[in-house]
Amino acid sequence: MTVMEDVPGTVRPGEELDVGTLSAYLEKLFGPGPVSVSQFPGGHSNLTYLVRHGDKGQDKDYVLRRPPFGSKVKSAHDMGREFTVLTRLWPVYDRAPRPYAYEPTGEVLGAPFYLMERRHGVVLRRSVPPGLADDLPRVRRICEHLVDALVDLHAVDYSAAGLADFGKPVGYIERQVTGWSKRYLDSQTDDIPAINEAAAWLQSHMPAEGAPALLHNDFKFDNVIFDPSLERITGVLDWEMATVGDPLMDLGTSLSYWVEAGDPQTFYQLPFGPTAKPGMMTRQQFADRYLERSGRTATNLVFYYAFGLWKTAVVLQQIYYRWAKGKTADARFGQLIMGVRILAEQARTAIHRGSI
């Protein structure tokens, strides 16, 4: 079986970095040497680049993360927050990349950014690698590795890691529902009844909170790196929404990315990963393994699943709003309003059905 490593490509127009100022910055940190920049293709939020620094044969790779061009939503693109969580997490959670430097002023690249180590491996997006499709037990193990990486994250002693003040776990669920409702109103462009119905239901069905944990809040296939054998996750990426709170909310977000057989065809259009391929777990199986291995209980999984769908719809709405207001020229963003509608309808359907 051949598995291709996730590799960067040409930088998208309008998202170029000033190589001159970046070179001067790297020289102060690491010494002189030529600099080249390419861009990883995935993601609709923070931008991710491969920066190669130094002479050939002695060069070193760094991954650079910066906010999207044109964004004014500072809380959603807090580079310092990502840098902080990785600084304290990588010694105790081996899937967290090691960060090296943080530039908070925006004077170098026009926005804050940080540099971290590059973790090599495979990122699964819309399909599984050639030759794997017929090996259903291996496909199942891929899902198990993903669940287990989330369980292990939630098992981290975040206080001992120096992250006790990283979030406010008391009242977390209520703040999430209220906060994302406000974010939707602040970025609304279309009349979408399903998203308002879901918001009202979530507001009136909030469960009691469980013991807090460190949350990733965007845990899915295209945010993790597998080694080439696909038998181990070597990296977890995109920590921009990490915080401390109820871990079942994190589980709900992961479930919201999980398309499975029997879902509406429109839901299949969303590029969340190969979750509907033969051999993959169902959402219920994903949740069951998580609950079994974590020792947690959930009396109302529908709440967490519906919340994940609804929150993701609001995230897409915020990105679409930037495009609609001319804050970004990225043509991909112009289609995201359809994703908002699809996710909102999936949330409303789950609520009416009473199951995930």
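State which residue pairs qualify: first residue within 11 Å of V35 (Cβ to Cβ) and inside segment 47-65, second residue open to solvent by 70 Å² or more (accessible area, probe 1.4 Å) in any location, beta carbons under 6 Å apart, and separation of 6 or more residues or different chains.
H53/K60; G54/K60; D59/R52
Any idea which of (1) in contact with a helix residue (DSSP H, G or I) (Cβ under 7 Å, 6 or more places away or on another chain); (2) in a loop (DSSP other than H, G, I, E, B); (3) touching a residue at least 60 places away in the same chain (Cβ under 8 Å); (4) open to solvent by 30 Å² or more (accessible area, probe 1.4 Å) is the one A276 doesn't satisfy?
It fails just one condition, (3).
For E231, all conditions in the list (1) open to solvent by 10 Å² or more (accessible area, probe 1.4 Å); (2) within 15 Å of Q346 (Cβ to Cβ); (3) touching a residue at least 24 places away in the same chain (Cβ under 8 Å) hold save one; what is the number of the exception?
Of the numbered conditions (1) open to solvent by 10 Å² or more (accessible area, probe 1.4 Å); (2) within 15 Å of Q346 (Cβ to Cβ); (3) touching a residue at least 24 places away in the same chain (Cβ under 8 Å), the odd one out for E231 is (2).
Out of everything in segment 299-324 that is open to solvent by 30 Å² or more (accessible area, probe 1.4 Å) and of a type in the set (A, V, I, L, M, F, W, C), what residue ends up being nearest to the chain's Cα centre (by Cα)?
V315
Which of the following residues is part of a helix (DSSP H, G or I), open to solvent by less than 10 Å² (accessible area, probe 1.4 Å) and farther than 21 Å from V151 by Cβ: A287, A344?
Just a single option satisfies the conditions, and that option is A344.
Report yes if some residue within segment 118-133 is at pLDDT 95 or above, under 21 Å from F272 (Cα atoms) and in contact with a Gly (Cβ under 8 Å, 6 or more places away or on another chain); otherwise report no.
no
One line per residue, one yes/no per condition, for (1) closer than 30 Å to A133 by Cα; (2) of a type in the set (S, T, N, Q):
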site	(1), (2)
S254	yes, yes
P264	yes, no
A276	yes, no
G326	no, no
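Could you tell me which residue of segment 142-200 is least open to solvent (accessible area, probe 1.4 Å), considering only residues that are among the charged types (D, E, K, R) and within 13 Å of K311 (Cβ to Cβ)?
Result: R183.
Just checking, how many residues over segment 234-252 are over 27 Å from P129 (Cβ atoms), assigned to a loop (DSSP other than H, G, I, E, B) and open to solvent by 10 Å² or more (accessible area, probe 1.4 Å)?
The qualifying residues number 2.
For segment 171-182, state whether one or more residues are over 19 Å from the mean Cα position of the chain (by Cα), modelled with pLDDT of 95 or more, more than 30 Å from Y100 (Cβ to Cβ) and not in a helix (DSSP H, G or I).
For segment 171-182, residues over 19 Å from the mean Cα position of the chain (by Cα), modelled with pLDDT of 95 or more, more than 30 Å from Y100 (Cβ to Cβ) and not in a helix (DSSP H, G or I): present.
The values are calculated or read from the model by the stated rules, or taken from the named source; none is laboratory data. Since the model is a prediction, treat every value here as computed from it, not as a measurement. Reconstructed Cβ throughout: ideal geometry from the backbone, glycine too, with neighbour counts over all protein chains shown. The accessibility values were calculated without ligands, DNA or RNA, using every heavy atom of the protein model including side chains. Shrake-Rupley method; radii C 1.70, N 1.55, O 1.52, S 1.80 Å.
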